[in-house]
Amino acid sequence: METVLNVKDKIRAVENFPKQGIIFRDITTALKDAETLKIMVDFLCEQFSDIKIDYIAGIESRGFIFGMPMAYRMNAGFIPVRKPNKLPAETYSQEYALEYGTDKIEIHKDAIPEGANVLVVDDLLATGGTAEAAAKLVRKAGGNLVGMAFLIELEGLHGREKLAGVPKIVSMLKY
């Protein structure tokens, strides 16, 4: 618990960003501290140490920050989940709702071998739209979604509710 509190102390709260009334949880202040970065990556990896992970699917862009070192540490491959038109080969796409309108994310059609165990990673679970879309993509590509890992969860936005079918959901810090 003390470790979590120390990490929480490293997260900067920026008021009224990106718009009025929002408190943005800025992880850059934690990322620049080598020991804190190690604690965050180690914590997320340890939560899934009892599950065979074949691939980490990191959601653009901050999911890449945690997903790559986690994949390395867990001896797993890394799969980028990208915004539209960023991947060069044939993709699966999944649309999701935003506050005003929609967006989508994509994954290469050949990214996941049928039945491979996949852990989805991102820095933040807020409304759950992006995470839900990533879960759908993993399943569409033939993967076995074994869990989702987030550094931060904004509990008041109830994003976890959109992830009802995910076997294990972990967040290090809750606001």
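Summary of computed values
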item: Filter result for Asn85 (surrounded by fewer than 17 Cβ atoms within 10 Å (Cβ to Cβ) and at pLDDT 95 or above); result: yes
item: Residue match in segment 67-81 (condition: among the polar types (S, T, N, Q) and exposed (fewer than 14 other Cβ atoms within 10 Å of the Cβ)); result: yes
item: Complete set of residues in segment 37-61 that are of a type in the set (D, E, K, R) and buried (at least 19 other Cβ atoms within 10 Å of the Cβ); result: Asp54
item: Scan of segment 79-98 for residues that are of a type in the set (Asp, Glu) and either in contact (Cβ under 8 Å) with a residue 60 or more places away in the chain or farther than 15 Å from Glu132 by Cα (or both), ordered by number; result: Glu90
item: Subset of segment 45-62 (residues that are out of contact with any Leu (no Cβ under 9 Å at 6 or more places or on another chain), within 23 Å of Lys136 (Cα to Cα) and not in a loop (DSSP other than H, G, I, E, B)); result: Cys45, Gly58, Ile59
item: Residue under evaluation Ile112, criteria (1) in a loop (DSSP other than H, G, I, E, B); (2) surrounded by fewer than 24 Cβ atoms within 10 Å (Cβ to Cβ), criterion not met; result: (2)
item: Selection within segment 115-166 - in a loop (DSSP other than H, G, I, E, B) and farther than 19 Å from Lys52 by Cβ; result: Ala126, Thr127, Gly128, Leu154, His158, Ala164, Gly165
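The values are calculated or read from the model by the stated rules, or taken from the named source; none is laboratory data. Just so it is clear, the structure is predicted and the values come from calculations on it, not from any experiment. Here the Cβ is made from the backbone with ideal geometry for all residues, glycine too, and neighbour counts use every protein chain on show.
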